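All remarks here apply to the structure that follows.
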Amino acid sequence: MKSFIPDIDRQQTVISIRGLYKSFGSNHVLRGVDLDLHRGENIVVLGRSGTGKSVLIKVIVGLLYPDAGTVTVLGQEVPELDAHALRDLRLKVGFCFQHGALYDSMTVGENLAFPLKRNEPGMSRKERDKRIEMVLEAIGLSHTIGQMPAELSGGQRKRIGIGRTLILRPEIMLYDEPTAGLDPITCTEINDLINEVQHRFKTSSIIITHDLTCAKSTGDTIAVLKEGRFIRQGNFNDVFGSDEALIREFYEYNFIQ
Amino acid sequence: MEPIEQSDKPVISKQVDGFFITVYEIFGFISRFFREVLRRPFETREFIRQCFYIGNRSLPLISLTGFITGLVFTKQSRPSLAEFGATSWLPSLISIAIVRALAPLVTALICAGRVGSSIGAELASMKVTEQIDAMEVSAINPFKYLVMTRVLACTICLPLLMCYNGLIALVGAFVDIHLNEQTSMDTFIQNAFTNISFLDLAASLVKALVYGFTIGIVSCYQGFHASQGTEGVGKSANVSVVVSMFLIFIEEVIIVQLVNMIR
């Protein structure tokens, strides 16, 4: 069972999405999505492949533009931001890619140092090294600092990807399929890491997944996406108490099969 | 608010629409380059690294092709000049050919193959593995870091490589002329440079700058707009080389026409 973080105003909305539409040609991916993420909260977005889960978080971070609707992050309307304001906002929103997206020509240490060098040019080398050490310690991979991404396992790459995002101390974390393609033990480690990040760094998160174990252990709220709309939102027991066919299928596939 | 309905129906045909969209995107890409080139931050370290990679690592291939070009071109030209008893014109003929056409063109074609494919594949691989998106969301400008540095390095290194290629080609030509006509180094240099004008040198430098920019911008564009996973990486590398070479030949014709109008 997840525990709540103290000293956080959980009423404050950090992400607010209203009537979000996004199409690619005639493929209507998102068809009127509404979502609120509160400070300190973890929302898990569940849905089958191709339902627009990743598109949703890419719109939040400004990698994709919505066709209609409003996307407000930390009080700012994302599609209306200019390049400079979007850059500033992105410092507060961390995005963890499905496969880590580590820069494969750089070592782990350099991967972590790169965003710091570019975004905090005044930081001394000593401070930078200290921050990298702290993040690597938090994700339990201090020994990999000199290794190249090609030398890491899938789970380690994902953890380093999370670490690289944490290095800029974001207020919001967006996780794209954090446990996809991993063995159950590594999945549990990633789930624990997501919870630890939430508590230690006091982040609010949206976690995209179709892994119910991940959803159950990391999510305060579960939102189920079907055909471009959320068909159900609530805590795990509320959502999976539903008779909705997709939800039953998900549950049975994950916990009974 | 309901979204505006998007139509999949092409305006003219899918191919024609695609062509115009690509042309529009390429002009957007080039104009972004000129808009951002003088804006901070300047990625000096990455630029130097790219210069080293493009320049220094191309030297062995440039040396070999330069030497062979000079040597072979001299060997091929000798019989024709010998018919008129004019082999003493060889240094002059060869130097004009090297400076005006061979050095810029050979250097550009080699760099299009070696550097263009490498940049196209590298950026395409970064694109399909979401590394470019990862830079965007880390508030790093990937266009500045990846495109600007590579295009500038290509544009600056190509004239230097061209000068080096021309010199090595002249060495190749001298070796063949010295072995066959026993011409001394002093006489060769004197004859070789008598007919080379400032316009020839300036035109070659301009050509090399234009070719360098073309290789850089084409391969970066291809890499930056890669899709379809690993297949897209190969396609980007291939298209970078083919389009760069095609444009280099077109530019060669245009620049030669312009220089002849000035001459």
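Taking the condition under 16 Å from the mean Cα position of the chain (by Cα), closer than 20 Å to A:Phe114 by Cα and part of a helix (DSSP H, G or I), does A:Arg169 pass? So A:Arg169 fails the test. Residue count for segment A:92-102 satisfying the condition of being at the interface with another protein chain (Cβ under 9 Å from one of its Cβ atoms) and surrounded by fewer than 20 Cβ atoms within 10 Å (Cβ to Cβ): 2. From the list B:Ile119, B:Ile132, the one residue that fits, being within 14 Å of chain A (Cβ to nearest Cβ), over 28 Å from B:Ala208 (Cα atoms) and in contact (Cβ under 8 Å) with a residue 24 or more places away in the chain, is B:Ile132.
Within segment B:247-257, being under 11 Å from B:Tyr211 (Cα atoms) and without any contact (Cβ under 8 Å) to a residue 24 or more places away in the chain holds for B:Phe249, B:Ile250. Of the residues in segment A:226-239, not one is touching a Phe, Trp or Tyr at 6+ places or on another chain (Cβ under 6 Å), crowded, with 18+ Cβ neighbours inside 10 Å and either under 26 Å from A:Tyr21 (Cα atoms) or at pLDDT 85 or above (or both). Could you check segment A:54-69 and list, in sequence order, the residues that are surrounded by fewer than 19 Cβ atoms within 10 Å (Cβ to Cβ) and within 13 Å of A:Asp34 (Cβ to Cβ)? A:Ala68, the sole residue that qualifies.
Only residues that are in contact with a helix residue (DSSP H, G or I) (Cβ under 7 Å, 6 or more places away or on another chain) and closer than 28 Å to A:Asp9 by Cα were counted in segment A:160-188, giving 11. Suppose we keep only residues that are surrounded by fewer than 21 Cβ atoms within 10 Å (Cβ to Cβ) and basic (Lys, Arg) within segment A:19-53. Which one would you say is farthest from A:Ile222 (Cα to Cα)? Ranking the qualifying residues of segment A:19-53, first place goes to A:Arg31.
In the set (1) in contact with a strand residue (DSSP E or B) (Cβ under 8 Å, 6 or more places away or on another chain); (2) within 12 Å of chain B (Cβ to nearest Cβ); (3) of a type in the set (S, T, N, Q), the condition left unmet by A:Thr72 is number (2). Checking each residue in segment A:2-45 for being at pLDDT below 90 and more than 14 Å from chain B (Cβ to nearest Cβ) picks out A:Lys2, A:Ser3, A:Phe4, A:Ile5, A:Pro6, A:Asp7, A:Ile8, A:Asp9, A:Arg10, A:Gln11, A:Gln12.
Only one entry in A:Thr188, A:Thr209, A:Thr203, A:Thr221 is within 15 Å of the chain's Cα centre (by Cα), among the polar types (S, T, N, Q) and more than 30 Å from A:His28 (Cα to Cα), namely A:Thr203.
Would you check if A:Gly50 is assigned to a loop (DSSP other than H, G, I, E, B) and within 9 Å of another protein chain (Cβ to nearest Cβ)? Judged against the criteria, A:Gly50 is not a match.
The values are calculated or read from the model by the stated rules, or taken from the named source; none is laboratory data. Not measured: the values here are computed from a predicted model. So basically every Cβ, Gly included, is an ideal-geometry build from the backbone, and we count neighbours across all protein chains shown.
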